[in-house]
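The values are calculated or read from the model by the stated rules, or taken from the named source; none is laboratory data. None of these values were measured; they are calculated from a predicted model. Glycine gets a Cβ as well: all are built from the backbone with ideal geometry, and neighbour counts include every protein chain shown. Heads up: the accessible areas ignore ligands, DNA and RNA and are worked out on the full protein's heavy atoms, side chains in. Shrake-Rupley method; radii C 1.70, N 1.55, O 1.52, S 1.80 Å.
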Amino acid sequence: MQPEIAIELPKTLSRFCETVIANHSGNWPPSEDVIAHQFISFFEIDGLLGMWDLEQLCRAIGVEVVSRDLPKPLRGHNCTYQGKSEIVVGTVQGAAGLGSTEHTLLHELRELIEYEFRRLGRAVAANFPDQESRAESFASHVRALAGLKAAKCVFELVGGIESRLLQFIAVIVVAALAMGHYLACVNLPQWEDRFPS
C-alpha cells in the first residue's frame, strides 16, 4: 500500500474566498465577523498583527505593499492590474499612527478580497458604501481577534504562576490590556479622524 502524500497548496486570496464560499454558501453573504474569523483561521494568524507581519502575509499571497505619503484624507488604496495586486498605505505620524497603518492595510486587503469574491460570482458587498463599511469592520475584527488570540496565549502562561496572588494580578492586568486593545481596534475608525497627523 502506498503512503498518502499530502500536498498543501499555497494560500492565496482566491483559495481563501473559495473556502469562505464553501463554508458559508447556505448563509450568504457572511458577516465581516465571520469573514474575519475565517481569515484568522485560513492564514493561521496566531497573535498580534504588526505592520511587518501583515507585509509578510501580503508578500506570501502575492500582494505588494508600499508605504508613501498620500493626499489627505486618503489613507490607502489598492489596485490589481495584469494579475498583480498592490496596496499603498499612507504614512502616518504621531498618535494617529497607533494601529492606523495596520488597520488601513487590512481595509485595503478586504477590498481585494471583495474583488475576488466578485470574480468568483459571489459578491458580499451590495455597493461601494457597503464595501467601505465592510472593509472597516473587517479590519477592526481581524486586529481585535488577533489580539484576543495573543491574550489567550498569555493567559495560558499566567496559569503557570505559582503564587495565587500574583496569578490573580496577572490575570487582571492581561484582561485589562486585552479589553483595551479590543476596544481600540473596534473604535479606531471613529477615533482616527480626531487625531492630528
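Only one of the listed residues (Ser100, Ser137) is open to solvent by less than 10 Å² (accessible area, probe 1.4 Å) and hydroxyl-bearing (Ser, Thr, Tyr). That residue is Ser100. Scanning segment 140-153 for residues being open to solvent by 60 Å² or more (accessible area, probe 1.4 Å) and β-branched (Val, Ile, Thr) gives a total of 0. Set side by side, the residues Ile113, Ile87 differ, and just one is modelled with pLDDT of 80 or more, among the β-branched types (Val, Ile, Thr) and assigned to a helix (DSSP H, G or I), which is Ile113.
If the condition is being open to solvent by 50 Å² or more (accessible area, probe 1.4 Å) and out of contact with any strand residue (DSSP E or B) (no Cβ under 9 Å at 6 or more places or on another chain), then segment 35-57 contributes His37, Ser41, Glu44, Asp46, Leu48, Trp52, Asp53, Gln56.
Just to be sure, is Gly121 on the phi > 0 side of the Ramachandran plot and either in a loop (DSSP other than H, G, I, E, B) or buried (at least 18 other Cβ atoms within 10 Å of the Cβ) (or both)? Answer is yes for this residue. Per the conditions (1) open to solvent by 30 Å² or more (accessible area, probe 1.4 Å); (2) modelled with pLDDT of 90 or more; (3) in contact with an Asp or Glu (Cβ under 8 Å, 6 or more places away or on another chain), the sole criterion not satisfied by Ala60 is (3). Right, Val65: among the aliphatic types (A, V, I, L, M) and more than 20 Å from Ala125 (Cβ to Cβ) or not? Yes, satisfied.
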